[in-house]
Each structure stands twice: as C-alpha cells, then as structure tokens.
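Heads up: the structure comes next, in structure tokens.
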Amino acid sequence: MTAPAELEGLLRRFRFKEVLSNDTSSKTIWLLGIIASSDADEARDEPVAAGQNAAVVVLERMAFSPQAIALGTGSHDGSAGTMLLGSASLVTGERNDIYSWATGVVDADVLRPDMRIALTYPATQKHIDKHRRQLRRWIRESPELYARITRPFIDSQPASRIQWVYNILSKHVESEHILFEDPDPEHGFVILPDLKWDAANTDNMYLVAIVHRHDLKSLRDLSSIHLPLLHNIRSKAAIAAQKYGVPSDQLRLYIHYQPSYYHLHVHITNVMLEGKGMLAGRAHLLDGVIDNISNIAADYYQRATLSFVLGSSDELWTHWPNHPQPNPC
C-alpha cells in the first residue's frame, strides 16, 4: 500500500475530539482525535489518552502556485487564470471607489491539491502538548542554569524519542528523499526536505541537515572542534538547494535553541519564507554561530547566557518555574 493510500485509510477512521490550536497567519489548524478501530471507539465520548488510538492531524492551506495559475495544465494563453476567476462564487463583499473585496470560493483544478495533511499516530502526550495552545515565557539560561536544569533534562530523554532520526541516518526510511550526504562520522550529515515543506513551491523551500554524530544534542554542545562540521554544512547546503534552483545567496541557515528534538540539525530555508521558527528567542543564524566560536571564544556556547521562549506544554517548563534567572543588566 502506498503512503497516500495508507494515510487516506487512517483519515477515514479519524474521529475528531478537539481543536488543539489554530494559527490564522499560517492558515494551519491542529486537531486531536482517535483512529477508530471498532464500533466501541466510534461511540466512546471521553478525553483522548496519549498512545494507542490517539492521533494528531494537521491541516495546512497550501500556498498559491503562480506557475499553476499561469499555465494550468500546459496552457500558455492564460486560460487557467480565466478558469480560476470565472469559477468564483462570492458570498460577502464591499466596494470603495476603485477598491473591491469579497469572500467566496472557487472551483478550479489549478488549485488542487490545496491542502497539506499530516498525521501523527499513535500520538504521545508530548505530541499532543506540543500543538496545544499554551502560555509562554522568556527564559534567560546561564551556563550554570543549563548545567543544573536543561542538561539533566536532555540527558533524561529516552533514545526512542528520536528513533525516527536514526532511521533517516541509517536510511531505513526516507532514503529516496536525501538530497546530499557526507558519510563522514565526524563531519558528515544528510540534507533532505523538511516535512513542513510540500516540495513544490520553491519560495517556501525548507530543508534540514541532520548530523551523523549522536553526541551533539544542541547548540550548547558546539565549540571550535566542530567548526569543520559547521562550515561543511554551510557549503553543502548550497549544493542541495541548487536541486530546486535556489541560489546560495537566497539561503537562510539557522539552529533552534531550544530545538524540537535533541539531535543537532540545521534548518535551511529560502529567504522568501517567513515563519515563527525564525523569530528571535529560538533561531540562531549559522553564520553567527560560526563567527561567535571563531572570533569571540572557542567555547562561546558553553560560556554564554542564552535566551529562549518556553511554552507551558513543553516538558522543560516544569523544571523552570521557581528558578531565579540572571539579571540581563
């Protein structure tokens, strides 16, 4: 069974329970439910428990494709755009002088597919909490607080949490998606499209480089001995991006802190793409990381106070509430 066919089968059995979160800016909604396996599951009306049948579905409106609208199915005469606008059924709208606007729907093949659907099943409590609307706070993490709070938390994470990463590195899954690989155990990595990208609209290109080393968990582990690895990623990212026609001067490379999973990886995106993952409080530009280690201190990230945004549904949240933070002044 192909992956789309298998996913379709699971989605037909999905039974909605609640909306975890809704992001109007990215036009994405996260749904919690179960994958029903029996009539008893169908009739059950109780909170969803992590594991077993729990499932998280992500629905994301896809961006318009200028090429598809302009060309349609091979048309070069603009008929696709005519078909798109000619099918519009408008519901509400207004006009002010030369400006008009309305809401409505269109029924045109040029917009299909118009949605990206992702499923996590079976979903753990971490998956559920990750997407649930939450409180946030600004954390200033000194090296001492990192050693006392964050590092023990990282070390406590079971390896099974990132088994999917090891599956990619060992080519048990997604090997056909790998755009570039350096197999060197010290300085090597793989580059492949991130699951958040539809691999169609190059303005939204989103790749990720995952290092082969298992001992590098986060930005805090990097020092001067890792500069060859970081330089290698920076140079080879351009080779991977060329497969989509994106030149090197349109690449944004950055590392998240805190990351969504504790195995060092570098995000590689088109500068045309904007999103929450690129905001201050999480994204550290790779060029800046290399410069800090090269020109300020070889152990910069072992000595620096790092600030980040922490959500209330993050497991790390419970470790921080009553700890005093360093004065920023």
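Out of curiosity, is ASP287 within 20 Å of ILE191 (Cα to Cα), in contact with a helix residue (DSSP H, G or I) (Cβ under 9 Å, 6 or more places away or on another chain), surrounded by 13 or more Cβ atoms within 10 Å (Cβ to Cβ) and among the acidic types (Asp, Glu)? Taking the combined requirement at face value, the residue satisfies it. Checking the stated criteria, LEU145 turns out to be over 23 Å from the mean Cα position of the chain (by Cα), in a helix (DSSP H, G or I), aliphatic (A, V, I, L, M) and surrounded by 19 or more Cβ atoms within 10 Å (Cβ to Cβ).
Being in a loop (DSSP other than H, G, I, E, B), open to solvent by 60 Å² or more (accessible area, probe 1.4 Å), in contact with a helix residue (DSSP H, G or I) (Cβ under 9 Å, 6 or more places away or on another chain) and more than 29 Å from ALA3 (Cα to Cα) is a property that HIS187 has. Selection of segment 259-279 for residues being in a loop (DSSP other than H, G, I, E, B) and of a type in the set (S, T, N, Q) yields only SER260. The number of residues in segment 246-276 being open to solvent by 20 Å² or more (accessible area, probe 1.4 Å) and under 27 Å from SER312 (Cβ atoms) comes to 6. Close contacts from segment 131-143, counting a first residue that is over 19 Å from LEU20 (Cα atoms) and touching a residue at least 60 places away in the same chain (Cβ under 8 Å) and a second that is buried (at least 17 other Cβ atoms within 10 Å of the Cβ) and of a type in the set (Val, Ile, Thr), with Cβ to Cβ under 7 Å and a gap of 6+ residues or different chains, come to GLU141/THR150.
Here are some residues: ARG234, ARG220. Which one is among the basic types (Lys, Arg), over 30 Å from MET115 (Cβ atoms) and open to solvent by 50 Å² or more (accessible area, probe 1.4 Å)? Lay out the reasoning, then the answer.
Working: ARG220 fails: open to solvent by 50 Å² or more (accessible area, probe 1.4 Å).
None of the other options fit; the residue is ARG234.
Taken as a whole, the structure leaves ILE293 outside the set of residues that are surrounded by 14 or more Cβ atoms within 10 Å (Cβ to Cβ) and closer than 14 Å to ALA209 by Cα.
For segment 155-165, the criterion of being under 28 Å from LEU229 (Cα atoms), of a type in the set (S, T, N, Q), at pLDDT 95 or above and touching a Lys or Arg at 6+ places or on another chain (Cβ under 8 Å) is met by no residue.
Which residues, counting only those in segment 174-222, are β-branched (Val, Ile, Thr) and more than 30 Å from TYR146 (Cβ to Cβ)? Answer for segment 174-222, where residues must be β-branched (Val, Ile, Thr) and more than 30 Å from TYR146 (Cβ to Cβ): ILE178, THR202.
Sort out for me the strands (runs of 3 or more DSSP E) sitting completely within segment 27-142 that have 1 or more residues that are aromatic (Phe, Trp, Tyr), modelled with pLDDT of 70 or more and over 20 Å from ARG12 (Cβ atoms).
Values: elements: 28-35, 54-61, 89-96, 99-105, 115-120, 136-141.
Answer list for segment 27-142: 99-105, 136-141.
With respect to SER248, is the statement that it is within 14 Å of LEU207 (Cβ to Cβ) and more than 21 Å from the chain's Cα centre (by Cα) true? So SER248 passes the test.
Mind listing whichever residues of segment 243-258 are part of a strand (DSSP E or B) and farther than 24 Å from LEU306 by Cα? Steps first, answer last, please.
Within segment 243-258, the subset part of a strand (DSSP E or B) is 251-256.
Passing the criteria: only LEU251.
The values are calculated or read from the model by the stated rules, or taken from the named source; none is laboratory data. Predicted model only: the values in this text are computed from it and were never measured. Cβ atoms come from the backbone with ideal geometry, glycine included; neighbour counts cover every protein chain shown. When the accessible area is computed, the model is the full protein with side chains, heavy atoms only, and any ligands, DNA or RNA have been set aside. Shrake-Rupley method; radii C 1.70, N 1.55, O 1.52, S 1.80 Å.
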